[in-house]
Amino acid sequence: MKNQVQLITYVDRLGGGGMADLRALLSEGGALHGLFGGVHLLPFFHPIDGADAGFDPIDHTQVDARLGTWHDVATLAREVDVMADVIVNHMSTKSPQFLDWFVSGAHSPYEGLFLTMDSVFPEGATEQQLLDLYRPRPGMPFSAVTLGDGRRRLLWTTFTPQQADINVHHPQGQAYLQGILDALQRAGVAMVRLDAVGYAIKKAGGSCFMMPETFAFIREFAAAARARGIEALVEIHSYYQRQIEVAQQVDWVYDFALPPLVLHALFNGTAAPLKHWIGIRPGNALTVLDTHDGIGIIDIGADASDRVGRPGLVPPNELDALVERIHANSDGQSRQATGAAASNLDLYQVNCTFYDALGRDDEAYLAARAIQFFLPGVPQVYYVGLLAGENDMALLKASGVGRDINRHHFTSGEIDAALARPVVQRLFELIRLRNQHPAFGGRFELLDSHDGELALRWCHAGRTVTLRVDLKAQRACVEAD
């Protein structure tokens, strides 16, 4: 992956068009030309508008015709590095494989592909075993279904009832996943993100999240991707020490601890927890402030899966105060989109644009972006954040899905209006600095500074670039030579 800022976007939500329109934005003459070394295309498979905004494709090897074709993907991939998702944990209940099994049951070639409660707990599950299951959402991970032969089964559904978890070691499961990699390789995709891979392995008596067997599967799948010339990014929201462990075994991870730590630093005028994280965080990370999901809280909190109670990067009371500050800064909008207030629940995330989380303060927002760009790793900017986008309360009201507050559909006119805003123009200047200054290819230093300041420096071949952030004033200064 190029050591340049990357874009993450839905194909149809940045200008309202398809692959060709997005390519026009990124190509010579387009408004975003030269800004990004790569683009992560959020699920563009058939269909993009299922139960989970494309993360429940009916056919993972088919491009949604409303967006374009594999030829369009390949054309874009020849001009900019393209990342795509491989949704490894589940398949749509509308997929041909599931429908075949649903009708034919034991006579289907897909018998055993879809996990049920008794396929994981053949001897039955104790109350404690069920309580030990790690959950991203409230309740048990099961949905009752009646098959075509009349059998009632408890289908394993980690996320929604429309997303049926699969046995990734079943011959049909392996063929399915390898077929996705083959399709992406043919289109010239340079990198894949393993979506929800932390839940991919189920085992009686375990948490069914990031177990040793899960790590083994990640290594196997990443090796299969690399054999096709494709890098692998692992998406895990979890306790920060676990993220460090994952990073040691894969190509790339997300720095999901960074967004809440940057907010904590700016809200409290202290860099102590952020400086501690900078000293131990993995270097093979994509640095983010926002994505298509919410702002992770679990990533800096105590280990929710550990009965001993390993502490987080910030104390519980400060974590609670951080969440409340986001709600206050957004005038309560984030509260309407988070937790029990919205469907498709995420237990450990706050749904809000990063710009609103900072109270739409341009200087604080640019300071946060500067911190992101100056940390080791490769920065990735979400399309809403790129345009300093605000909470989409109309979309939230229409869908009732909390994360939609940060998934606005930008029209061409809205893009033009955003490009005229000083905060967006200055953000673009920061992106160009990060892409072009030679110091970012050299040595990184966390400079000594008092608790209310953060000072970061890069040096290479006699060139230096330094960032100083006054956290109490929420202002940043960049010095470059």
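Kindly indicate whether Thr287 is at pLDDT 95 or above, in contact with a Gly (Cβ under 8 Å, 6 or more places away or on another chain) and of a type in the set (S, T, N, Q). Can you show your working first?
Values: at pLDDT 95 or above: yes; in contact with a Gly (Cβ under 8 Å, 6 or more places away or on another chain): yes; of a type in the set (S, T, N, Q): yes.
Yes.
Would a scan of the stretch 210-222 turn up a residue that is of a type in the set (Phe, Trp, Tyr), within 30 Å of Pro122 (Cβ to Cβ), in contact with a Phe, Trp or Tyr (Cβ under 6 Å, 6 or more places away or on another chain) and modelled with pLDDT under 95? I'd like the intermediate steps shown before the answer.
The first filter runs over the stretch 210-222 and keeps only residues of a type in the set (Phe, Trp, Tyr), leaving 215, 217, 221.
Within this subset, residues satisfying the condition of being within 30 Å of Pro122 (Cβ to Cβ) are 215, 217, 221.
From what's left, in contact with a Phe, Trp or Tyr (Cβ under 6 Å, 6 or more places away or on another chain): none.
No, the stretch 210-222 contains no residue that is of a type in the set (Phe, Trp, Tyr), within 30 Å of Pro122 (Cβ to Cβ), in contact with a Phe, Trp or Tyr (Cβ under 6 Å, 6 or more places away or on another chain) and modelled with pLDDT under 95.
Given the structure, is Ala224 assigned to a helix (DSSP H, G or I), under 30 Å from Asp255 (Cβ atoms), of a type in the set (A, V, I, L, M) and over 17 Å from the mean Cα position of the chain (by Cα)?
Details: assigned to a helix (DSSP H, G or I): yes; under 30 Å from Asp255 (Cβ atoms): yes; of a type in the set (A, V, I, L, M): yes; over 17 Å from the mean Cα position of the chain (by Cα): yes.
Spelling it out, Ala224 is indeed assigned to a helix (DSSP H, G or I), under 30 Å from Asp255 (Cβ atoms), of a type in the set (A, V, I, L, M) and over 17 Å from the mean Cα position of the chain (by Cα).
Has the stretch 353-372 got any residue that is out of contact with any Phe, Trp or Tyr (no Cβ under 8 Å at 6 or more places or on another chain), among the hydroxyl-bearing types (Ser, Thr, Tyr) and closer than 20 Å to Phe267 by Cβ?
Going residue by residue through the stretch 353-372, those that are out of contact with any Phe, Trp or Tyr (no Cβ under 8 Å at 6 or more places or on another chain) are 353, 356-357, 359-364, 366-367, 369-372.
Restricting the remaining residues to those that are among the hydroxyl-bearing types (Ser, Thr, Tyr) gives 353.
Still in the running and closer than 20 Å to Phe267 by Cβ: 353.
Scanning the stretch 353-372 turns up at least one residue that is out of contact with any Phe, Trp or Tyr (no Cβ under 8 Å at 6 or more places or on another chain), among the hydroxyl-bearing types (Ser, Thr, Tyr) and closer than 20 Å to Phe267 by Cβ.
Which residue, of Val145, Val88, is β-branched (Val, Ile, Thr) and either within 30 Å of Tyr10 (Cα to Cα) or touching a Cys at 6+ places or on another chain (Cβ under 8 Å) (or both)? Steps first, please.
On the way: Val145 fails: either within 30 Å of Tyr10 (Cα to Cα) or touching a Cys at 6+ places or on another chain (Cβ under 8 Å) (or both).
Answer to the check: Val88.
Scan the stretch 106-118 for residues that are crowded, with 16+ Cβ neighbours inside 10 Å and touching a residue at least 12 places away in the same chain (Cβ under 8 Å) and jot them down. Before you say what the answer is, go through the steps one by one.
Here is the first cut: in the stretch 106-118, the residues crowded, with 16+ Cβ neighbours inside 10 Å are 108, 110, 112-117.
If the condition is that a residue be crowded, with 16+ Cβ neighbours inside 10 Å and touching a residue at least 12 places away in the same chain (Cβ under 8 Å), then Tyr110, Gly112, Leu113, Phe114, Leu115, Thr116, Met117 are the ones that fit.
Going residue by residue through the stretch 343-354, is there one that turns out to be farther than 18 Å from Gly294 by Cβ and either in the same structural domain as Val11 (by TED's automatic domain parsing) or not basic (Lys, Arg) (or both)?
As a first pass, look at the stretch 343-354 and keep what is farther than 18 Å from Gly294 by Cβ: none.
No.
Looking at the stretch 148-168 only, could you name the residues that are out of contact with any strand residue (DSSP E or B) (no Cβ under 8 Å at 6 or more places or on another chain) and without any contact (Cβ under 8 Å) to a residue 40 or more places away in the chain? Step through it out loud before you land on a result.
Going residue by residue through the stretch 148-168, those that are out of contact with any strand residue (DSSP E or B) (no Cβ under 8 Å at 6 or more places or on another chain) are 148-151, 160, 168.
Passing the criteria: only Gly150.
Per-residue answers, yes or no, for (1) within 18 Å of the chain's Cα centre (by Cα); (2) under 21 Å from Tyr134 (Cα atoms); (3) buried (at least 22 other Cβ atoms within 10 Å of the Cβ):
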site	(1), (2), (3)
Ala175	no, no, no
Val192	yes, no, yes
Ala200	yes, yes, yes
Phe217	no, yes, no
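Under the condition of being β-branched (Val, Ile, Thr) and assigned to a loop (DSSP other than H, G, I, E, B), which residue from the stretch 25-84 is farthest from Leu99 (Cα to Cα)?
Of all residues in the stretch 25-84, those β-branched (Val, Ile, Thr) come to 39, 48, 58, 61, 63, 69, 73, 75, 80, 82.
Now restrict to residues that are assigned to a loop (DSSP other than H, G, I, E, B): 48, 58, 69, 80.
Details: Ile48: 19, Ile58: 10, Thr69: 25, Val80: 37 Å.
So, considering only residues that are β-branched (Val, Ile, Thr) and assigned to a loop (DSSP other than H, G, I, E, B), the one farthest from Leu99 (Cα to Cα) is Val80.
Are there any helices (runs of 4 or more DSSP H) wholly within the stretch 227-334 with 2 or more residues that are small (Gly, Ala, Ser) and in contact (Cβ under 8 Å) with a residue 60 or more places away in the chain, and if so which?
272-280
Which residue pairs have Cβ atoms closer than 7 Å, lie 6 or more positions apart in sequence or on different chains, and pair a first residue in the stretch 202-215 that is assigned to a helix (DSSP H, G or I) with a second residue that is loosely packed, with under 15 Cβ neighbours inside 10 Å?
Going by the 7 Å Cβ cut-off, the qualifying pairs are Glu213/Lys203; Phe215/Gln249.
Just checking, does the stretch 176-196 include any residue being out of contact with any strand residue (DSSP E or B) (no Cβ under 6 Å at 6 or more places or on another chain), assigned to a loop (DSSP other than H, G, I, E, B), farther than 19 Å from Asp81 by Cβ and at pLDDT 95 or above?
No; the residues of the stretch 176-196 include none that is out of contact with any strand residue (DSSP E or B) (no Cβ under 6 Å at 6 or more places or on another chain), assigned to a loop (DSSP other than H, G, I, E, B), farther than 19 Å from Asp81 by Cβ and at pLDDT 95 or above.
Is there a residue in the stretch 126-140 that is within 19 Å of the chain's Cα centre (by Cα), assigned to a loop (DSSP other than H, G, I, E, B), more than 27 Å from Leu286 (Cα to Cα) and touching a residue at least 40 places away in the same chain (Cβ under 8 Å)?
Checked against the condition, which is being within 19 Å of the chain's Cα centre (by Cα), assigned to a loop (DSSP other than H, G, I, E, B), more than 27 Å from Leu286 (Cα to Cα) and touching a residue at least 40 places away in the same chain (Cβ under 8 Å), the stretch 126-140 yields no hits at all.
Within the stretch 95-105, take every residue that is more than 17 Å from Trp156 (Cβ to Cβ) and modelled with pLDDT of 95 or more and give me the one that is surrounded by the fewest Cβ atoms within 10 Å (Cβ to Cβ). Before the answer, list the steps.
Step one: list which residues in the stretch 95-105 are more than 17 Å from Trp156 (Cβ to Cβ), which gives 96, 99-100, 103-104.
Narrowing further to those that are modelled with pLDDT of 95 or more: 96, 99-100.
Numbers: Pro96: 12, Leu99: 16, Asp100: 17.
So the residue we want is Pro96.
Is one or more of the residues making up the stretch 98-109 under 29 Å from Gly339 (Cβ atoms) and outside any loop (DSSP other than H, G, I, E, B)? First the steps, then the outcome.
So the first thing to find is which residues in the stretch 98-109 are under 29 Å from Gly339 (Cβ atoms), and the list is none.
No, the stretch 98-109 has no match at all.
The values are calculated or read from the model by the stated rules, or taken from the named source; none is laboratory data. This one's a predicted model, so the numbers in the text were calculated from it and none came from an experiment. Every residue, glycine as well, gets a Cβ built from its backbone with ideal geometry; the counts of neighbours run over all protein chains shown.
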